[in-house]
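The values are calculated or read from the model by the stated rules, or taken from the named source; none is laboratory data. Computed from a prediction, not measured in an experiment: that's the story for all the values here. Cβ: placed from backbone, ideal geometry, glycine included. Neighbour counts: every protein chain shown. The area values use the complete protein model at the heavy-atom level, side chains included, leaving out ligands, DNA and RNA. Shrake-Rupley method; radii C 1.70, N 1.55, O 1.52, S 1.80 Å.
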Amino acid sequence: GSYVLVGHPAYDNEEMRTLGHFGYDGETVAREREWERRIFTDPRVLSFCQLNGIVPARYDEVHVP
């Protein structure tokens with residue numbers, strides 16, 4: 001079957017730090033999205049995906065019937 005893991009990877013920068021709100025400050029938003037970016041682009045993760053037939057795709061690349 002198909003499984004979906006959704007993330008919002010981004011760089012920890014000034015722009016990302018402005019995206020927080022009450023209870024979820026911009027510093028946390030930027031830090032967590034930086035980690036998602038690092039995970040999704042880590043050569044070990046990408047190698048695992050390739051070896052196991054997992055095909056990473058962007059949201060706009062997924063076509064669900």
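Summing charges over neighbours of residue 30, with a neighbour being any other residue whose Cβ is under 12 Å away from its Cβ, gives -4 when K and R count +1 and D and E count -1. Looking at (1) 1.57; (2) 0.96; (3) 1.07, which value of Rg/Rh (Cα atoms, Kirkwood Rh) comes from a calculation on the structure shown? Comparing each candidate, only (3) matches the computed number. Split the accessible area of the stretch 18-65 by element, probe 1.4 Å, and carbon with sulfur accounts for 61%.
The long axis of helix 26-41 is offset from the longest Cα principal axis of the chain by roughly 20 degrees.
Taking all protein chains into account, the per residue accessible area for the chain stands at 92 Å² (1.4 Å probe). Using a cutoff of 8 angstrom between alpha carbon atoms and counting only pairs six or more residues apart, the relative contact order for the chain works out to 26 percent.
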